[in-house]
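As structure tokens, the structure follows; a few thoughts come after it.
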Amino acid sequence: MTIRNLIRLSACTLTVLAIMSGCGTTTGQTSWSKPGASEEEFERVSAKCEEDPGITGLKGYASYQVCMKKHGWFLIEEPM
């Protein structure tokens with residue numbers, strides 16, 4: 001085996017390993033949950049939290065999360 005072929009084999013091996021290691025990093029899907037709550041309640045609170053001006057220093061999704069948690073909702077992670 002020549003040096004050139006050894007370098008190609010090493011590069012291919014590293015590429016395959018990099019791709020394979022990326023496949024194991026999926027964390028799943030998250031969703032909001034509240035025991036006993038209906039879909040309609042989720043829609044109402046979610047819309048309210050999207051319009052909420054937020055807490056000073058928080059913007060976007062962080063503000064949305066704080067608002068949802070304030071109304072008793074919590075995030076759950078569902079494995080993929």
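Within the range 45-80, can you find the residues that are surrounded by 13 or more Cβ atoms within 10 Å (Cβ to Cβ) and either in a strand (DSSP E or B) or of a type in the set (Lys, Arg) (or both)?
The answer is LYS69, and nothing else.
Can you name the residue in the range 25-68 that is modelled with pLDDT of 95 or more and basic (Lys, Arg) and, of all such residues, is farthest from the chain's Cα centre (by Cα)?
Only one residue tops the list, namely ARG44.
Could you figure out which of (1) modelled with pLDDT under 90; (2) surrounded by 10 or more Cβ atoms within 10 Å (Cβ to Cβ) isn't true of MET1?
Only one criterion is unmet by MET1, namely (2).
The values are calculated or read from the model by the stated rules, or taken from the named source; none is laboratory data. This is a predicted model, so every value here is computed, not measured. Counting neighbours? That spans all protein chains shown, and the Cβs are built from the backbone with ideal geometry, glycine included.
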